[in-house]
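**Q** Submitted below is the structure of interest, expressed as structure tokens.
Taken together, the values in this text are just the output of simple stated rules run on the coordinates, not laboratory data. Remember, predicted model here, so these are calculated numbers, not experimental data. Glycine also receives a Cβ, built like all others from the backbone with ideal geometry; neighbour counts cover every protein chain displayed.
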Amino acid sequence: MKRSNAPIFWLMFGAGGMLSALLGTALVFVTGIAVPQGWWLPTELLSYPRMLAFAQHWFGKGFLFVVIALFAWHAVHRIFHSLHDIGVHTGAVAKLVCYGSALVITLVTASNLLRLGF
């Protein structure tokens, strides 16, 4: 019986889907609408020095990494399985492009967050 690596990708897809369902809308609302418009929160809440300090803290690094990486894995897994619906037969190349792009996004995110320092 051949072992499959599909559970790993389904795990990343599920985790990213759950995270995007729970936090995605709130993140878009807070960072894209509420703070820039000055609703309920001060506009300096998302200022560059504050966001840099958040990204340099270990908790902020972890939060940003998890959100970006899992959103990316969720998106590419959904795209990969949607290719079949639009008539593109997925093979090794499509799998490499989709999951390779998620891996690149994850690695670039990790390297950029580590370059910020602690």
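**Q** For Cα pairs less than 8 Å apart in space and 6+ apart in sequence, what is the mean separation divided by the residue count of the chain, i.e. the relative contact order in percent?
**A** Values: 81 pairs, mean separation 38.0, N = 118.
For the chain, the relative contact order is 32 percent.
**Q** What FRET efficiency comes out for Ala15 versus Tyr48 if R0 is 35 angstrom and r is the Cβ-Cβ distance? Round to the nearest 0.05.
**A** Efficiency computed from Cβ-Cβ geometry: 0.70.
**Q** Using Cα springs under 10 Å in a Gaussian network model of the chain, which residue among Val76, Val30, Val66 shows the largest mean-square fluctuation?
**A** Val30
**Q** Given R₀ = 30 Å, what would the calculated FRET efficiency be for His84 paired with Leu27, taking r from the Cβ atoms and rounding to 0.05? The partial results should precede the final answer.
**A** Working: r = 30 Å, r/R0 = 0.99.
Computed FRET efficiency for His84 and Leu27: 0.50.
**Q** Enter the angle in degrees (range 0 to 90, nearest 10) between the Cα long axis of helix 6-19 and the first principal axis of the Cα atoms of the chain, meaning the one along which they spread out most.
**A** Once rounded, one gets 30 degrees.
**Q** Please rank Met1, Met18, fewest neighbouring Cβ atoms within 10 Å first, as an exposure proxy. Kindly include the intermediate steps, with their values, before the conclusion.
**A** Numbers: Met1 3, Met18 12.
Fewest-to-most ranking of Met1, Met18: Met1, Met18.
**Q** Here is a follow-up. Against the longest alpha carbon principal axis of the chain, how many degrees, from 0 to 90 and to the nearest 10, is the axis of helix 58-85 turned?
**A** 40 degrees
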